[in-house]
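None of the figures in this text is laboratory data; all of them are computed from the coordinates on show. Computed from a predicted model, the values in this text were never measured in an experiment. Glycine gets a Cβ as well: all are built from the backbone with ideal geometry, and neighbour counts include every protein chain shown.
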Amino acid sequence: MLETRARGKYHKIWRELSRDKIVLGCILFLVGLYSTIVVAGFLAPYSEDFSDRDQAYAPPTPIFVLDEGKPSWPFVVTYERRFDPETYGFGFYPDYSKRYPLRFFVQGEAYKFLGIIPSRLHLVGVDAPARLFLLGTDMNGRDIFSRLLYGGQVSLTIGFLGLFVAFPIGLLYGGISGYFGNRVDNWMMRLAEIIMSIPSFYLLISLAAILPSGLASRQRFALIVVILALIGWAGISRIIRGMVLSLKEQEYVEAARSLGASSLWIITRHLLPQTTTYLIVAITLGVPGYLLAESGLSFLGLGIQPPDASWGNMLREAQDLSNIMLRPWLLLGPGLLIFITILAFNVVGDKLRDILDPKAKGRRA
Amino acid sequence: MPIYLFILKRILIAIPTILIVSMISFFIMRYDFTIGPIQWTTQGQTVTLLEKHHFKNPIDPLAELRQNPQISKAAYEHERQRLGLDKPFYMQYWLWISHIFQVNPSALAEGKPWAFFQPDLGKSFSGEDVSRILMQRIPNTLLLNAVTLLICWLVAIPLGVYAALHWRSWADSALTVFSSVGMAAPSFVVALLLALGAVKLGWPPLGGVTSDGFEQMSGFQKLGDIAAHLLLPVTVLTISGIAGLQRQMRGNLLDVLEAEYVRLARAKGLPENKVIYKHAVRTAINPLVTLLGYEFAGLLSGAALVEMVLRYPGLGYTALEAVRQTDTNLAMTVLVMGAILLVLGNLFGDILLKVVDPRIELH
């Protein structure tokens, strides 16, 4: 009985969400994005650390569909990187003598499908020595498109992982503080305020800067998640505490107490479940913050370290303004992806808040 | 509670806060701690999640002395003692804190009260006094934040009012799109794009707060020069600021316009202008003033990244420089200064709220 009612509730939320075409579009985009990064190894023509030093800063590889005016199977040609004594720059000169057709479901570099199954199958590729750089390459001749997919695995999951660590701390802390009230509440909230009174970005870069340099990439990733969560829990706990403060006055709490339920039981079984609707909204609206923090940190060189990719550290090369001018693909891919992802999360989150919390301010669209 | 008592109370509360922040930052930057190894054994196999890692203060002020064969052991020990590095961790913290509160009573007798307080925050990596660096950088950050907040409010409030009064018109929809885009655009990417534009056009100047030859300029030129340097960072920060504030103002006003007293004001025949600007808008602004303190906090953090990208010499830029060069003294102090600014900003927001809405009880 209870289950069907709960299912009915989520069904209703979904119906309201999908009625708005823009929101539906955003949801589909996010679902598509997350499914893409799950199968990144298959979709990416190259692996994360594949690099062709002879093709540094190569522009996106043009794909030809016309062969001497006649339609043909799409193909690419090879490019030679040569120093141009006139402009003192490097130019890419096509060699049209041989054509390399696009091949689908080709055997390429080894990767692990879904992180477990070893595989060599790639959706698309071309025979060496031709290269298929859909979005160009970076300084080391690494394929930006492939790295965007692998980088998404970091940038898109860090938000959920960070919230996964921060929420239990914030929930329990805020729950205890709000439930006991009075002096306990006073002291606990003072501590949370102290954490919040350090400008978060300052704290973030200080903590990231002391990470030891010898860490393996996974450990570094994990520690950055922990750092982000350490900064994020205080704000969550304050909101939860406010909700619990008002919830605990209700009769069912009194009933539970008179039945002899322990405080921890009441907090975790009766009070915190009431905050689920807030949690859904907070997660959707919270992920962009983590994405921004990670990309900002990596952009400054304090987060995910190359050769591992993340959208933030891919933007690092764009810090050099001449790079953006001459090689706009360095900025556009990761920059646009960060922007659109945040936009989509915000749109969905705002709509969710409107549905779940009609009293919220600024609701009318 | 009278306002001066309220301010006094808030400052008294702030002191332990700042002290604990200083402990945290000292701990982060100076304490050498070890984590791991995290491992467990299952079926005779040892799984290692995390190897042993040392988090160490990478700057060893004595490294050079230790390497130099001409320095005797006794001189090395003497220097170690002079810097207080032989003392336990908490004593080192105490040394740092007590130097901050160094006072010079003779300055009072000489009639120079400004020289009474002589904080010694130690030397930065480059050999400059940390207090000196901060004295240059903090005004820059305050200027940037103040100008940004001012412009945000001046632009966003009218926009929000307009959007609410023309609810669901095309202008309202356009503003909604703008605010969604403005809030989602990552500030450092926007900063990069604007910087690119500035380089192509050759104007406005990039980096710093003043041009070369600033000292020779007339008062008016100086003002213009600073304004030109502020243009880029302020633009980046106001884009997201205006987006958020405009939306909130619009929402608040829409809610207020439905209230009973607005209907009453209309019913008694008050001109629509008066209804909106004297009654509704005033009430709708109040919650925004409450948010001013938080806004300042967000701005301080948000400005840090923009300062770094645009090389604006504020506190955020200093923080990045300090942690990158592991300039311990500077980094610790910047963290504490950031917290102090934030606490002051919140206090300022509360006082402003009292001024705007005298009904509010301060406690």
Using the Cα gyration tensor of chain A, the equivalent ellipsoid's semi-axes, largest first and to the nearest Å, work out to 48, 24, 17
Student exercise, region A:118-183 dipole from Lys, Arg, Asp, Glu Cβ charges, in Debye to nearest 20: 180
Which residue, A:Leu171, A:Leu259, A:Leu149, tops the fluctuation ranking in a GNM of chain A built on C-alpha contacts under 10 Å? A:Leu259
Computed over the Cα atoms of region B:302-359, what is the convex hull's projected area averaged over all directions, in nm²? 4.6
Bounding extents of region A:280-365 in its principal axis frame from Cα atoms, largest first in Å, are 48, 24, 16
Go through B:Lys9/B:Lys354; A:Lys9/A:Lys351; B:Lys222/B:Lys354; A:Lys12/A:Lys351; A:Lys70/A:Lys98; B:Lys123/B:Lys222 and tell me which ones have a Cα-Cα distance over 25 Å in this structure. B:Lys222/B:Lys354; B:Lys123/B:Lys222
For chain A, what does -39500 (n - 2.57) per DSSP helix run (n ≥ 4), summed and divided by total residues, give at 222 nm, in deg cm²/dmol to the nearest 500? -18500 deg cm²/dmol
Please report the base-10 log of the normalised intensity I(q)/I(0) for region B:82-172, using a Debye sum with one equal scatterer per alpha carbon and no solvent, at each q in 0.14, 0.15, 0.17, 0.20 (1/Å). -0.75, -0.80, -0.92, -1.06
Beyond 26 Å, how much of the Cα-Cα pair distribution for chain B remains, as a whole percent? 66
Send over the semi-axes of region B:229-363's equivalent ellipsoid, whole angstrom and largest first, taken as the square roots of 5 times the C-alpha gyration tensor eigenvalues. 40, 17, 9
Pairwise FRET efficiency - A:Ser262 versus B:Leu193, Cβ, R0 = 56 Å, nearest 0.05: 0.50
Using +1 at the Cβ of each Lys and Arg and -1 at the Cβ of each Asp and Glu in chain A, identify which of A:Pro62, A:Thr268, A:Thr78 lies farthest towards the dipole's positive end. A:Thr268
Among A:Gly91, A:Gly235, A:Gly152, which one shows the biggest mean-square fluctuation in a GNM of chain A, springs joining Cα atoms closer than 10 Å? A:Gly91
How big is the Rg/Rh ratio for region A:49-111, C-alpha atoms only, Rh by Kirkwood, two decimals? 1.03
Mind jotting down a quarter of the surface of the convex hull over the alpha carbons of region B:274-333, in square nanometres, one decimal? 5.7
Descending semi-axes in Å of region A:186-328, equivalent ellipsoid built from Cα gyration tensor: 41, 16, 14
Could you tally the net charge around B:Ser124, taking each other residue with its Cβ under 10 Å from the Cβ of B:Ser124, Lys/Arg +1 and Asp/Glu -1? -2
If you line up the Cα atoms of region A:130-270 on their principal axes, what length do they span on each, largest first, in Å? 76, 28, 23
Quick check: the distance between the Cα centres of region A:17-41 and region A:137-163, to the nearest angstrom? 18
Give me the percent of Cα-Cα pairs in region B:135-239 that sit more than 25 Å apart, rounded to a whole number. 34
The Cα radius of gyration of region A:28-185, divided by 2.2 N^0.38 Å with N its residue count, comes to 1.53
R0 = 25 Å: FRET efficiency of A:Arg15 with A:Thr276, Cβ-based, nearest 0.05? 0.85
Give me the percent of Cα-Cα pairs in region A:247-292 that sit more than 12 Å apart, rounded to a whole number. 66
What is the mean projected area of the alpha carbon convex hull for the protein assembly as shown, to one decimal in square nanometres? 47.1
